[in-house]
Amino acid sequence: MKIRWNTLLNFLIMLAVLMTVAGFQTTFWFQVFGHVPAPMLWLNLIVYVILYRRPSQAITWIYAMGFVLLAFTAMPLKMMWFSLLILFLLVYGVKSRVFWSGSGYYTIMCTFSAVAYHVLFLLISWVLEKNMASFEIVDRLVQIVLTPSFAFPVYWILAKIDKLTQNEMLQESGGLEL
């Protein structure tokens, strides 16, 4: 098996970006904005991976990213991986039906993912845990609004990283051709 060094470099840079945005979200955001819930910037990164990587590569990267995110949360691993895997299935299902390249579509999918992630998290928590996660409607709504508002700069940064590492963005939907 031939190792594509640019793919490995891209993966390592993406992990570094993931740790940076997760660190920003968990520490710096609250120093500046107080008790306002932070946007889920890491979710924007995961949506980018789902949209612009092959499915097998995206699943592998998402599992690795979920493991890295455990350092920034008190969420159990089973909750993280289940919610990210189901989110992958949802986003990939939409992508296989409707897809166009660009930041507009990416922002729409970030909005869809923010809503879906919160619903999935509550449902999975209800099924898997003895003490279900609290509903906290205002905090969740603020996160749903703030997360896609950062989609344009995140898309621009990640597209530049792909260009820098000479990694081609997946430009087709991955759906079946008839």
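What is the dipole size for the chain, taken about its Cα centre, with +1 at each Lys and Arg Cβ and -1 at each Asp and Glu Cβ, in debye to the nearest 20? Let's see the in-between values first.
Details: 11 positive and 7 negative charges, 66 e Å.
Result for the chain is approximately 320 debye, rounded to the nearest 20.
Among (1) 25; (2) 59; (3) 21, only one was calculated for this model; which label is it, if the read-out is percent of Cα pairs over 28 Å apart? Read-out taken from this structure: (3). Rolling a 1.4 Å probe over the protein chains gives R54 an accessible area of about 130 Å².
Which whole-number percentage describes the relative contact order of the chain, with Cα contacts under 8 Å and a sequence gap of 6 or more? Walk me through the numbers before you get to the answer.
Details: 177 pairs, mean separation 58.1, N = 178.
Reported relative contact order: 33 percent.
Lysine pair count for the chain (Cα-Cα distance under 30 Å; residues 8 or more apart in sequence or on different chains): 7.
Could you report the chain's accessible area per residue, 1.4 Å probe, as an integer in Å²? The partial results should precede the final answer.
On the way: 9950 Å² over 178 residues.
The answer is 56 Å² per residue.
Among complete DSSP H helices in the chain, those whose alpha-carbon atoms stretch at least 24 Å along the helix's long axis and whose mean Kyte-Doolittle hydropathy reaches 0.0 are 5-23, 77-97, 103-128.
Compare N167, N131, N44 in a GNM of the chain, Cα atoms joined below 10 Å, and give the one with the largest fluctuation. Looking only at N167, N131, N44, the largest GNM fluctuation is found for N131.
Accessible surface of L123, taken over heavy atoms with a 1.4 Å probe and every protein chain present, rounds to 100 Å².
The values are calculated or read from the model by the stated rules, or taken from the named source; none is laboratory data. These numbers were taken from a predicted model, which means no experiment stands behind them. Note that we place each Cβ from the backbone using ideal geometry, even for glycine, and neighbour counts take in every protein chain shown. Side chains included, ligands, DNA and RNA excluded: accessible areas come from the protein's heavy atoms. Shrake-Rupley method; radii C 1.70, N 1.55, O 1.52, S 1.80 Å.
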